[in-house]
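The values are calculated or read from the model by the stated rules, or taken from the named source; none is laboratory data. In this text, all values refer to a predicted model and were calculated from it rather than measured experimentally. Glycine also receives a Cβ, built like all others from the backbone with ideal geometry; neighbour counts cover every protein chain displayed.
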Amino acid sequence: MWFERPGFPPVPPHRPSCHARGKCRAQRAAPNIMAVVGGKRGLTKADFLVEGAHRTMLVLKRLIAFITTSVPVFLAGAALAATGQPEPWQLGLQKGATPVMDDIIWFHDFLLWVISAIALFVLALLVIVVVKFNARSNPVPSRTTHNTTIEVLWTVVPVLILVTIAVPSFRLLFFQLNMPKADVTVKATGKQWFWSYSYPDSKFEFDSLMVQDKDLKPGQPRLLSVDNEMVVPVNKVVHVLTIGADVIHSFAVPAFGIKIDAIPGRINETWFKAEREGIYYGQCSELCGKDHAFMPIMVRVVSEKDYTAWVEQAKKKFATDDSHPTAVAAAGAAN
Ligand SMILES: [Cu+2]
């Protein structure tokens, strides 16, 4: 059995073999199973109770071990969820950091209830049909071909369900696509295979490359950390403009509920308003070549004061030289 371990006496099978000639009938006829078990295998009632206690203890020990190991894993997961990255044993979506993501999570959970109810209802109908209308229990089938009430019901009820889903769905879609006035604008350019972030209001641009495994510092998540992350202020509307410099990439940050293609020759836009400070991770979500998996997105959400300080420092560190247009701008001018 799965809970047997070395060091404990082997657990005897529940019942003696039932295949021996005539034994099964004898067991069924026996008024007291303990007497039969004890008589056949030479076990007393006390032996049987001790073995039963052993088995119960083993199960309890396994249960306690499972709980004590899983609690830290879930706690660690909860801690990671606060930093906007996937967590071990994660179920469902990452914890939202923007109003849009909170709505997406609500809509996801709502749909889960709806589809579960529909699946259970259909399952119940199938079970009824299998049990009540099989050839044995219903040898002469009904010849009914139409039933107006049922036909109206199976048309109207699905329509009502779809309308119930459509209302919050369209509301969410408008919420995502309706751009509020921007407080900060960041242009994210997808390149093979890294992102470049440009802050047009402050006139600087920088590349953001993944930190290689050998260079990871303690606490930096593998395949998600970058050398220069995108920094934005908390509780401010950030417009993200995306474009591809070579092939199609996709800018996606799950905790913000954003995912938008970065297409060469065309600027797409999306927005987010992060409501909690912290670090949030995403990845390129369009197959863009051999290092597609190695161009993570890292966004640090900071207070407005820290953001202003970072901008001042970044202006000096990443100052752009307007006399040398970027590759994208040069390509645009050539067209
Ligand atoms: Cu990409």
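So which of Gln90, Gln94 is surrounded by 10 or more Cβ atoms within 10 Å (Cβ to Cβ) and at pLDDT 90 or above? Write out each step before concluding.
Numbers: Gln90 fails: at pLDDT 90 or above.
So the residue among Gln90, Gln94 that is surrounded by 10 or more Cβ atoms within 10 Å (Cβ to Cβ) and at pLDDT 90 or above is Gln94.
The conditions are (1) of a type in the set (Asp, Glu); (2) modelled with pLDDT under 95; (3) within 16 Å of the ligand (Cβ to nearest atom), and Asp261 fails exactly one of them. Which is it?
Here Asp261 clears every test but (2).
Can you tell me how many residues within region 187-210 are of a type in the set (S, T, N, Q) and more than 16 Å from the ligand (Cβ to nearest atom)?
Number satisfying all stated conditions: 2.
Against the conditions (1) part of a loop (DSSP other than H, G, I, E, B); (2) without any contact (Cβ under 8 Å) to a residue 24 or more places away in the chain, where does Pro180 fall short? Just the number, please.
(2)
List, please: which pairs have Cβ atoms under 9 Å, are six or more places apart or on different chains, and start with a residue in region 293-307 that is farther than 13 Å from Tyr281 by Cβ and end with one that is assigned to a helix (DSSP H, G or I)?
Filtered contacts from region 293-307: Val302/Ala309; Val302/Trp310.
Let me spell it out: the conditions are (1) more than 23 Å from the chain's Cα centre (by Cα); (2) touching a residue at least 24 places away in the same chain (Cβ under 8 Å); (3) in a helix (DSSP H, G or I), and Leu160 meets all of them except one. Which number is the exception?
(2)
Among the residues of region 142-187, write down those that are touching a Lys or Arg at 6+ places or on another chain (Cβ under 8 Å) and not aliphatic (A, V, I, L, M).
Step one: filter region 142-187 for residues touching a Lys or Arg at 6+ places or on another chain (Cβ under 8 Å), giving 180, 183-184.
Residues satisfying the conditions are Pro180, Asp183.
Only residues that are free of Cβ contacts under 8 Å to residues at least 60 places away in the same chain and touching a helix residue (DSSP H, G or I) at 6+ places or on another chain (Cβ under 7 Å): list them for region 227-284, please.
Result: Gly282, single match.
Residue by residue, here is whether (1) hydroxyl-bearing (Ser, Thr, Tyr); (2) part of a helix (DSSP H, G or I); (3) farther than 30 Å from Ser202 by Cβ holds:
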residue: Asn138; (1), (2), (3): no, no, yes
residue: Val156; (1), (2), (3): no, yes, yes
residue: Ser169; (1), (2), (3): yes, yes, yes
residue: Gly190; (1), (2), (3): no, no, no
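Looking only at residues that are in contact with a Phe, Trp or Tyr (Cβ under 8 Å, 6 or more places away or on another chain) and of a type in the set (Gly, Ala, Ser) in region 270-284, which one is farthest from Ala97 (Cα to Cα)?
So, considering only residues that are in contact with a Phe, Trp or Tyr (Cβ under 8 Å, 6 or more places away or on another chain) and of a type in the set (Gly, Ala, Ser), the one farthest from Ala97 (Cα to Cα) is Gly282.
For region 211-221, indicate whether the set of residues that are in the same structural domain as Ile297 (by TED's automatic domain parsing), within 15 Å of the ligand (Cβ to nearest atom) and in contact (Cβ under 8 Å) with a residue 24 or more places away in the chain is non-empty. Let's see the steps before the verdict.
Taking region 211-221 as the starting set, the residues that turn out to be in the same structural domain as Ile297 (by TED's automatic domain parsing) are 211-221.
Now drop any that are not within 15 Å of the ligand (Cβ to nearest atom), which leaves none.
Among the residues of region 211-221, not one is in the same structural domain as Ile297 (by TED's automatic domain parsing), within 15 Å of the ligand (Cβ to nearest atom) and in contact (Cβ under 8 Å) with a residue 24 or more places away in the chain, which makes the answer no.
Looking at region 268-302, which of the residues that are assigned to a loop (DSSP other than H, G, I, E, B), of a type in the set (A, V, I, L, M, F, W, C) and surrounded by 14 or more Cβ atoms within 10 Å (Cβ to Cβ) is farthest from the ligand (Cβ to nearest atom)?
In this case the residue turns out to be Ala274.
How about region 230-255: which of its residues are away from the ligand (no atom under 15 Å from the Cβ) and either among the polar types (S, T, N, Q) or over 25 Å from Glu312 (Cβ atoms) (or both)?
Once the filter is applied, which keeps residues that are away from the ligand (no atom under 15 Å from the Cβ) and either among the polar types (S, T, N, Q) or over 25 Å from Glu312 (Cβ atoms) (or both), region 230-255 yields Asn235, Pro254, Ala255.
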